[in-house]
Amino acid sequence: MKNLILVDDHKMLRKGISAYFTENSQWNVIAEAESLDDIPNILKKIGEDPYIRKKNDGERVQNITCHCESVFQSETKYPDSDKAENCTVAVVDIQIKGTDERFSNGFEAVRLLRQYGIQSVVFSSHDTGACIERAMSDEVGARGFVSKLGDEKLLLDAVNTVAEGKTFIQPDLVTSLLNTQNVFSILTKREKQIVKLIQDGLSNHEIAQFLEIKISTLENYLSVIYDKIGCKNKDMLLKKLS
């Protein structure tokens, strides 16, 4: 089942997105949050529903407050949500607010949702390079970014792409990001290492040997890197980085 969570303080916008996804896709809107204060209850619902919950989540969530508190710890480790039994993706406006000062914007919502194996697509009118960079960083962990100035089809494409375990950044925003920010800022430590080895002229076989990983694993990394930077192959990657 494809489950969607909408986190936005504009009711009409949420209703519009919900109607579009219901009419044009197989996504089921299971929850809406008009404030960050609504998210703990949504997570409690997900934690207690065995059909929505991740396959390996274990025992039912007993103390949602404890889980919400843990997201503010810098050492928090996140599970791999790509192996979730049922796909749940959140569409999050980074401008949404809450009453808890530690949980005061959409970036924190993305972090908390990710801790529950829920990947997020940021949907915001603040689409500057700095916002994209922060949203897609390891610290926040969004997997997609779409401008509210775009159309619903872009948002649907983003959600479908993230559901496949890939990364999606609106194409024209990728250009803006590459022009104004260091592209390495949106890559993980391992992805940066792979790009550096590509720049050094190593072949896929040589890179896999150097990193002591399988070729298939390297190819998966390359697919994610290409998605993030908006290219299709090594030649395009090197051209964008030149």
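The values are calculated or read from the model by the stated rules, or taken from the named source; none is laboratory data. Being a predicted model, the structure only gives us computed values, none of them experimental. Methodologically, a virtual Cβ is constructed for each residue, glycine included, from the backbone with ideal geometry; neighbour enumeration extends over all protein chains shown. Side chains included, ligands, DNA and RNA excluded: accessible areas come from the protein's heavy atoms. Shrake-Rupley method; radii C 1.70, N 1.55, O 1.52, S 1.80 Å.
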Subject >> Ser147 being open to solvent by less than 10 Å² (accessible area, probe 1.4 Å), farther than 25 Å from Leu43 by Cα and either modelled with pLDDT of 90 or more or in contact with a strand residue (DSSP E or B) (Cβ under 7 Å, 6 or more places away or on another chain) (or both) >> reply: yes
Original post:
Given the conditions (1) open to solvent by less than 40 Å² (accessible area, probe 1.4 Å); (2) modelled with pLDDT of 90 or more, which single one is not true for Tyr116?
Top reply: (2)
Original post:
Inside the range 112-125, can you point out the residues that are touching a strand residue (DSSP E or B) at 6+ places or on another chain (Cβ under 9 Å) and either assigned to a loop (DSSP other than H, G, I, E, B) or not small (Gly, Ala, Ser) (or both)?
Top reply: Leu113, Arg114, Tyr116, Gly117, Ile118, Gln119, Val121, Val122, Phe123, Ser125
Original post:
at pLDDT below 90 and in contact with a Gly (Cβ under 7 Å, 6 or more places away or on another chain), is that true of Thr188?
Top reply: no
Original post:
Which of the residues spanning the range 212-228 are farther than 15 Å from Lys189 by Cα, touching a residue at least 40 places away in the same chain (Cβ under 8 Å) and not polar (S, T, N, Q)?
Top reply: Asp227
Original post:
Applying the selection to the range 17-27, what residues are exposed (fewer than 14 other Cβ atoms within 10 Å of the Cβ) and either charged (D, E, K, R) or without any contact (Cβ under 8 Å) to a residue 24 or more places away in the chain (or both)?
Top reply: Ala19, Thr22, Glu23
**OP:** May I ask you to verify whether Glu164 is closer than 26 Å to Gln95 by Cβ and either of a type in the set (Asp, Glu) or out of contact with any Leu (no Cβ under 8 Å at 6 or more places or on another chain) (or both)?
**Re:** no
Original post:
Being open to solvent by 50 Å² or more (accessible area, probe 1.4 Å), free of Cβ contacts under 8 Å to residues at least 24 places away in the same chain and either in contact with a strand residue (DSSP E or B) (Cβ under 7 Å, 6 or more places away or on another chain) or of a type in the set (S, T, N, Q) (or both), is that true of even one residue in the range 159-180?
Top reply: no
